[in-house]
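Participant: Before I ask anything, let me first share the structure, which is written out below as structure tokens.
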Amino acid sequence: MVHRFPDYIDVEYANGRTQTAADYPTLEDKLEKAAEVTATALEQYERPAIMWTGGKDSTVVLYVVREVAADMGVPVPPVVFIDHFEHFDETEAFVHRWTETWDLDLVVARNEDFARLGAEPDDELALSDLSAETRRELDRLSYEGDTLVLDADTFEGNHLLKTVALNDVISDHGFDGIFSGVRWDEQDARADETFFSPRHDSEKYPPHDRVHSILQFTEADVWAAFWHYVVPDSVEGFPAGHVPETSDDLPDGIAPSDLPVSLKYFEGYRSLGTASGSAKSDDRPAWVQDLGATKEREGRAQDKENLMERLRDLGYM
């Protein structure tokens, strides 16, 4: 495990501190900033990686990294997919399909303690069956029970299944910079984030930086980027700027499954967390809903937002 942040990195950690999405009024302004941040990161970090959930935000981040890397003539960094055991089947299928299509170096991160036990969601596990490392993490959370129900949407489950898995893979691979698709408008705990965000406290996580290249995007901007750039650049024959109103509103010969857009978004989901903790917001595709006046997250997983400050202090995205 790396206990000291490398001294070869020179980035401006205050970049974006006094800004909001309004400082980037057009989609082109937002993409230009994303490309600028990405180019700096690809120049500075020796072992960068991209957090990729298969969701809309991280897919836009991945798109920008791929475009900038191609322009710079450098390899696309590895992509890290966290297996928290509760993904939609469609999410996993999407990640593997586009990993192959885009020729990505996929690293799957998961909590190996629970994998070792063959644990499944909602299993009640005795703490005595867990590893010393997992019990130490629960002590950090002041957990007092003798058993633990495996649920990625609880405070403890989110930390053990997502944050610990991420920290382990950062340590194992020596990643020094992690591209992450967080946005200023998502949650109050993220509203003061900067484009380069230090995570250097070795008592909490392996020292590294988070690279937040799409902070300046709103949910609507993310979807605009999809229909103007991500999809047309990935699918031959898809007209740039065409925004499908339904799953049937696509060019001849193109099906929803042909697009780098999760099928769950066509079903009305706007956030893809866990299969049990996420709910659709509407029956219409995500991008045609009233994004400004309704919640981006539905289902019981939205309760996690109330714990976001504590989770982020532990190393969550």
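Participant: Tell me which residues, restricted to region 267-288, are closer than 21 Å to residue 217 by Cβ and either crowded, with 19+ Cβ neighbours inside 10 Å or modelled with pLDDT under 90 (or both).
Facilitator: 269, 270, 271, 272, 273, 278, 281, 285, 286, 287
Participant: Being open to solvent by less than 20 Å² (accessible area, probe 1.4 Å), touching a Leu at 6+ places or on another chain (Cβ under 6 Å), part of a loop (DSSP other than H, G, I, E, B) and modelled with pLDDT under 95, is that true of even one residue in region 45-68?
Facilitator: no
Participant: Here is a check on your reading of the model: is residue 304 in contact with a Phe, Trp or Tyr (Cβ under 6 Å, 6 or more places away or on another chain) and at pLDDT below 95?
Facilitator: The answer is no for residue 304.
Participant: Here's something else I'd like to know. Going through region 99-117 one residue at a time, which ones are of a type outside the set (Val, Ile, Thr) and under 30 Å from residue 132 (Cα atoms)?
Facilitator: Of everything in region 99-117, those that are of a type outside the set (Val, Ile, Thr) and under 30 Å from residue 132 (Cα atoms) turn out to be 106, 109, 110, 111, 112, 113, 114, 115, 116, 117.
Participant: Checking residue 77 against (1) under 26 Å from residue 204 (Cβ atoms); (2) within 16 Å of the chain's Cα centre (by Cα); (3) not in a loop (DSSP other than H, G, I, E, B), which test does it fail?
Facilitator: Condition (3) is where residue 77 drops out.
Quick grid of which residues meet (1) free of Cβ contacts under 8 Å to residues at least 12 places away in the same chain; (2) within 27 Å of residue 175 (Cβ to Cβ); (3) outside any loop (DSSP other than H, G, I, E, B):
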position	(1), (2), (3)
197	no, yes, yes
209	no, yes, yes
213	no, yes, no
217	no, yes, no
222	no, yes, yes
225	no, yes, yes
233	no, yes, yes
238	no, no, no
244	no, no, no
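Participant: Filter region 246-266 for residues that are farther than 21 Å from residue 182 by Cα, in contact (Cβ under 8 Å) with a residue 24 or more places away in the chain and either open to solvent by less than 20 Å² (accessible area, probe 1.4 Å) or not in a loop (DSSP other than H, G, I, E, B) (or both) and give the result.
Facilitator: 259, 263 - these are the residues of region 246-266 that are farther than 21 Å from residue 182 by Cα, in contact (Cβ under 8 Å) with a residue 24 or more places away in the chain and either open to solvent by less than 20 Å² (accessible area, probe 1.4 Å) or not in a loop (DSSP other than H, G, I, E, B) (or both).
Participant: Right, here's the next one. Just wondering, is there one or more residues in region 162-179 that are open to solvent by less than 20 Å² (accessible area, probe 1.4 Å), in a helix (DSSP H, G or I), farther than 23 Å from residue 57 by Cα and not hydrophobic (A, V, I, L, M, F, W, C)?
Facilitator: No; the residues of region 162-179 include none that is open to solvent by less than 20 Å² (accessible area, probe 1.4 Å), in a helix (DSSP H, G or I), farther than 23 Å from residue 57 by Cα and not hydrophobic (A, V, I, L, M, F, W, C).
Participant: In the list 36, 90, which residue meets the criterion of being in contact with a helix residue (DSSP H, G or I) (Cβ under 6 Å, 6 or more places away or on another chain) and in a helix (DSSP H, G or I)?
Facilitator: 90 is the lone residue from the list that is in contact with a helix residue (DSSP H, G or I) (Cβ under 6 Å, 6 or more places away or on another chain) and in a helix (DSSP H, G or I).
Participant: Here's something else I'd like to know. For region 187-222, what are the residues that are open to solvent by 30 Å² or more (accessible area, probe 1.4 Å), of a type outside the set (A, V, I, L, M, F, W, C), within 30 Å of residue 290 (Cβ to Cβ) and at pLDDT below 95?
Facilitator: 187, 188, 192 - these are the residues of region 187-222 that are open to solvent by 30 Å² or more (accessible area, probe 1.4 Å), of a type outside the set (A, V, I, L, M, F, W, C), within 30 Å of residue 290 (Cβ to Cβ) and at pLDDT below 95.
Participant: Separate question: Against the definition (among the basic types (Lys, Arg) and crowded, with 21+ Cβ neighbours inside 10 Å), how does residue 183 come out, yes or no?
Facilitator: yes
Participant: Those residues that are out of contact with any Leu (no Cβ under 7 Å at 6 or more places or on another chain), more than 19 Å from residue 166 (Cα to Cα) and either open to solvent by less than 30 Å² (accessible area, probe 1.4 Å) or of a type in the set (S, T, N, Q) (or both), I need them from region 80-101; list them, please.
Facilitator: Within region 80-101, 94, 98, 101 qualify.
The values are calculated or read from the model by the stated rules, or taken from the named source; none is laboratory data. Note that the structure is a prediction, hence the values are computed from the model and not measured. Quick reminder, even Gly has a Cβ in these numbers, built from the backbone with ideal geometry, and neighbours come from all protein chains shown. The accessibility values were calculated without ligands, DNA or RNA, using every heavy atom of the protein model including side chains. Shrake-Rupley method; radii C 1.70, N 1.55, O 1.52, S 1.80 Å.
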